[in-house]
1. Quick test of your reading of the structure: Gly106 fulfils all but one of (1) within 11 Å of ligand 4 (Cβ to nearest atom); (2) farther than 20 Å from Glu59 by Cα; (3) small (Gly, Ala, Ser); (4) not in a loop (DSSP other than H, G, I, E, B). Name the failing condition by number.
2. Mind listing whichever residues of the stretch 101-126 are more than 10 Å from ligand 3 (Cβ to nearest atom) and within 21 Å of Phe77 (Cα to Cα)?
3. Exactly one condition in (1) closer than 17 Å to Leu68 by Cα; (2) of a type in the set (Lys, Arg); (3) modelled with pLDDT under 90 is false for Arg111; which is it?
4. Within the stretch 147-170, is there a residue that is more than 30 Å from Phe40 (Cβ to Cβ), touching a residue at least 24 places away in the same chain (Cβ under 8 Å) and of a type in the set (A, V, I, L, M, F, W, C)?
5. Taking the stretch 28-57 as the region of interest, how many residues are in a strand (DSSP E or B) and touching a strand residue (DSSP E or B) at 6+ places or on another chain (Cβ under 8 Å)?
6. Inspect all residues belonging to the stretch 127-137 and state whether any of them is modelled with pLDDT under 95, basic (Lys, Arg) and within 24 Å of Thr53 (Cα to Cα).
Amino acid sequence: MPKLRLVTILLLSGLLVLAVAPALAGHGIMEKVKEANEPFDSLQIDTPLPKNTVQVKEEYQGGAFWVLSRKDSIGRFPCSRCHGKKKSFKREGAALAHGDIELVHGQGEERPECKSCHNEKNLDLLSDKKDREIDFDHSYQLCGQCHFRQKSDWVGGAHGKRHTYWIGKRVVWNCATCHDPHSPRFKKRWPSTYSLPLDK
Ligand code: HEC
Ligand code: HEC
Ligand code: HEC
Ligand code: HEC
């Protein structure tokens, strides 16, 4: 039966090729397992940055991360539109221009006033306790001066919110994306699933 022998030989050599080829090419199963055991770093995957982000002046697990910018969302920015070098406004101007701003931020001696945060020499900037100038996009530096615990939680990812997906570049929300710096406490509100008591 030469036909049958030929088929067997063909089959056997086919199997041999299948078994040997991957090993020869260096892509055997064990190689794959070893490759997969390399530490996987999701930060190394290059993803495009969303619009309106700035790089945080701080590191996270040894790498860079980004934060949503603020200047493009502040209605009265730049402040220098009205605040020039000299004070030419009348006092009641403040009520007209900033009457909506009510400072409800902490109590007692530590509570901040306008000049604890805004740079009196140049209102287009913020400034901290040591009079260091801080850009509005980096206001987390200002908040962190008094709220260092929340800030280090924020750097580590335990406070706040990540804007992008877990993979790729890390972009987070700014403190002022969530908290109004003038009145940082959230208003109390009912849970969205609240329904009226049955006896009403
Ligand atoms: C539309 C004009 C206008 C813009 C824009 C504006 N201001 Fe003013 N601001 C005024 C006027 C008018 C006053 C009152 C007179 C004064 O103190 O110069 C005032 C006063 C202030 C004061 C003193 C308030 C007080 O009670 O003593 C601060 C602080 C201030 N502005 C901060 C800012 C900051 C920060 C910005 C930008 C984020 C800004 N302003 C943008 C018009 C403006
Ligand atoms: C000069 C110091 C100082 C700076 C700067 C500062 N805070 Fe505060 N903040 C305080 C004090 C003091 C309290 C009151 C703490 C308390 O009652 O225990 C407070 C309270 C708070 C609270 C809790 C409010 C509540 O009533 O429960 C939040 C939220 C907050 N700050 C957010 C911020 C954010 C966001 C920034 C930056 C825009 C900021 N703070 C900048 C001093 C500061
Ligand atoms: C705890 C720090 C802090 C204090 C105190 C503070 N500010 Fe601000 N203010 C900020 C920050 C930060 C922003 C930018 C907020 C953002 O990113 O949206 C801001 C924004 C503003 C703006 C622009 C608001 C808008 O949306 O157009 C004005 C005007 C202003 N502040 C005036 C004042 C005045 C007047 C006082 C005092 C009565 C004051 N601020 C006290 C931190 C502070
Ligand atoms: C994604 C929104 C978000 C961001 C971003 C955020 N916070 Fe908060 N923060 C919260 C919430 C929610 C609470 C709890 C408020 C409550 O219990 O009423 C809170 C509470 C706080 C408190 C009150 C004390 C506490 O720990 O409960 C402080 C102070 C504070 N945040 C500061 C900051 C600072 C500083 C930053 C930036 C470095 C920041 N937050 C960024 C949402 C945010």
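The values are calculated or read from the model by the stated rules, or taken from the named source; none is laboratory data. Just so it is clear, the structure is predicted and the values come from calculations on it, not from any experiment. Virtual Cβ from ideal backbone geometry, glycine too; neighbours counted across all protein chains shown.
1. Every listed condition holds for Gly106 apart from (4).
2. Passing the criteria: Asn119, Glu120, Lys121, Asn122, Asp124, Leu125.
3. It fails just one condition, (1).
4. no
5. Here is the first cut: in the stretch 28-57, the residues in a strand (DSSP E or B) are 53-57.
With the extra rule that they be touching a strand residue (DSSP E or B) at 6+ places or on another chain (Cβ under 8 Å), the set shrinks to 53-56.
Total meeting the criteria: 4.
6. yes
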